[in-house]
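Following: one structure in structure tokens, then a few remarks.
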Amino acid sequence: MGNSWVEEFWQLALIILGGILLGLLVGQVWIVLVVVLILYIGRNLFNLQRLIHYLNDPNRVEIPVHFGIWGVIYARIERMRNGYHQRERKLNGLLTQFQSSAAALPDAAVALGSYGEIRWWNQAAREMFKLRAPQDIGQPLVNFFRAPELIDYLAQGRFAKPLEITAPGNSYKKLSIRVTTYGNNERLLLAQDITDRVMAEQMRKDFVGNVSHELRTPLTVIAGFVENMQLEEEQIPQQWKKPLALISEQAARMRSIVEDLLLLARLESAGVKMQSARVDVASLIETIAKDGRALAGDRLDISVHIESRQQVAGDLGLLRSAFTNLLVNAIHYTHDGGEIQLRWKKVKDGCEFAVEDSGEGIAAEHIPRLTERFYRVDVGRSRERGGTGLGLAIVKHILQQHEAVLRIESKVGHGSTFSCYFPAKRCQTETQ
Amino acid sequence: MENSELTQHYSQQFNTDLEEIRTKVLSMGGLVEQQLSKAIDSLRLSESETAEQVVANDYKVNAFDVDIDERCTKILALRQPTASDLRLVLTVIKTTADLERIGDEAKRVARMALRNGAADAGRNLYLRIEHLGEQVREMLHRSLDSFARMDVEEAIAVAHEDRKIDREYESIMRQSMTYMMEDPRSIPLLMDIIWSARALERVGDRCCNICEYVIYFVKGKDVRHTSLEQIQKEFGE
């Protein structure tokens, strides 16, 4: 590079020298010099023109100059263009590889542009959405897959959770739709057939519901007769009194498990006709606290802290069940002399009911699993305490029906706090 | 240079407007498809909740109707489109009207499901209504697809299906009348069944209309009052 400049410099020097000599010869040094310099500038302008001409169509036009500064410029241009070509080939290669591997995907995949227009799809997508090439390319996907839920899902732009939806045209197939964004606002839509999974879930729920229902009747019979037998105390031989009491106890236990399972099944299938009324939470809490004090006796101190008169839109009976469940748990897991606080307050974007106890606390690894059915932190202890193991699962589902969430905080040895957080749209002020 | 850039920008916006009303009308179609689906399902499964959803969501269909009409009016007033662009706007306006009517028919069917719950009488007829409903649902889906692709062949094929639907409807009518004569106590229920069958048959007719609009748009010919055979002969593909 440096060489070319030196060359150019010497060229210019020679031209000027030549000009001066010619000028001396003719007797008009300055004029000749000016003419020579004009010619030099003209040549450069001419070269500029050739450069522009070349750049207009670099593929067709031959490189005009190969030496000097201009040669260097042309060489650089060539190098850049080769670089571009290589990269383009590489990208095309990658694209073909990707397309053939995506074609092999069992899930349907459709690539969408920034307006939701179809760019490309794989085989599974063609079969699922009945797309046709080439006429469907460039059309918005929602012109063909018209489910309102999909249209809303794509419009709102947040794809953290997948969308479960019925397949187009076929009301039995269920799909799980996932969308990922990449590049310049482009999106990849993946659709997975989850019909089997959904059907299995449904069968499981139906099974549990049916079994529980069937068990109810025999249990009622057993419990009924045992109760009758216990009423005739004198008639029962001494050795059978205790066994009978145990049978009664266990039968009652089975019945409450069955009732809880049935309630859970109804909640899950959203078949529960929820009353939608304004629930005065404050007075509900007072009532529950009273029941709690009756249960705990003098063992514990149960206090109520109402920091807000907000009411909740929902079902009084269900909320009562849920809150009672939490309080009963707190009572059972707090030692004598401990205290339990019931709180109702307004928080950011909603309102919250909390049960705080000074009990033994729960280790961190158990907390995520607490709301699983029949999950026990300490199996031996829980069995002797009784209970169905379904309480928290029921609480969770009741809260779900109210668009609320259950939050659990706990520290081993210090106690736990179970909070029910209701979103603002469910909370209403008293006067409304 | 500047002028041509401006006109390009102008027509790009225009194209976007046209694309938008096309997509809007298809979105409306999707909603109406869902309403019809749910109405038929609620009948089949005696689900009052589903039926209530259909009735409750009818306002969305009407909202679409109003929105699309406004947009089309704006386009006609401001852009004064010609040729195929004009035909597109007219097609959209007419299709929207038909879709809104289909939405109303779906609401009618849902109301019937609400009134009758799980009726045992005329169970057999219920099955036939379900069958009719399935066919009509399929017809609506295909009409909208043909609109999305501006596919004349498909439009003609779908229009053909309407014959089957008319025949099925007549058959249901005859069977209902037989039941009514056998047992006058079943008349209220059977009246409702007839109403639903009628509603579905009308949905079929409206799908036919949509297909005719598609043909009009693509071929520039108004085929609304031409018989199917003639249409086929003209465009026989």
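Just so it is clear, none of the values below were taken in a lab; they were calculated from the coordinates. Everything numeric here is computed off the predicted structure, so don't read it as measured data. Heads up, the Cβs are rebuilt from the backbone with ideal geometry, glycines too, and the neighbour counts pull from every protein chain shown.
Tabulated results
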{"quantity": "Mean-position separation - Cα centroids, segment A:102-116 and segment A:144-176, in angstrom", "calculated": "14 Å"}
{"quantity": "Nearest 10 degrees, 0 to 90: helix A:281-296 Cα axis against chain A principal axis", "calculated": "50 degrees"}
{"quantity": "No Cys partner within the rule (Cβ under 4.7 Å), the protein assembly as shown", "calculated": "A:Cys420, B:Cys72, B:Cys207, B:Cys208, B:Cys211"}
{"quantity": "Packing-based exposure ordering (other Cβ within 10 Å, fewest first) of A:Glu234, B:Glu130, B:Glu105", "calculated": "A:Glu234, B:Glu130, B:Glu105"}
{"quantity": "Residue of B:Gly220, B:Gly30, B:Gly103 that the Gaussian network model of chain B assigns the largest fluctuation, springs spanning Cα pairs under 10 Å", "calculated": "B:Gly220"}
{"quantity": "Phi-based couplings in Hz for segment A:112-121 (Karplus 6.51, -1.76, 1.60; Gly and Pro marked x)", "calculated": "10, x, 5, 9, x, 7, 6, 9, 6, 9"}
{"quantity": "C-alpha center-to-center spacing [segment A:344-369, segment A:44-86] in angstrom", "calculated": "73 Å"}
{"quantity": "Proxy reagent accessibility, fewest Cβ within 10 Å first, across A:Lys425, A:Lys130, A:Lys174", "calculated": "A:Lys425, A:Lys130, A:Lys174"}
{"quantity": "Debye intensity ratio in log₁₀ form over the Cα atoms of chain A, taken at each q of 0.12, 0.13 Å⁻¹", "calculated": "-1.15, -1.22"}
{"quantity": "Share of alpha-carbon pairs per 5 Å distance bin for segment A:20-66, given as whole %", "calculated": "6, 21, 16, 14, 10, 10, 10, 7, 5, 1"}
{"quantity": "Neighbour-count order for B:Glu19, A:Glu88, fewest beta carbons within 10 angstrom listed first", "calculated": "A:Glu88, B:Glu19"}
{"quantity": "Shielding score for A:136-147, defined as the mean number of other chain Cβ atoms within 10 Å", "calculated": "5"}
{"quantity": "Rounded Å value of the spacing that divides the Cα centres of segment A:245-266 and segment B:74-110", "calculated": "60 Å"}
{"quantity": "Chain A: most fluctuating residue of A:Ala265, A:Ala13, A:Ala364 per GNM, C-alpha cutoff 10 Å", "calculated": "A:Ala13"}
{"quantity": "Contact order relative to length of segment B:29-145, as percent, for alpha carbon pairs under 8 angstrom and 6 or more apart", "calculated": "45 percent"}
{"quantity": "For chain A, built as a Gaussian network whose Cα springs stay under 10 Å, the top-fluctuating residue of A:Arg187, A:Arg266, A:Arg50", "calculated": "A:Arg50"}
{"quantity": "Rg to Rh quotient for segment A:190-248, alpha carbon positions, Kirkwood Rh", "calculated": "1.44"}
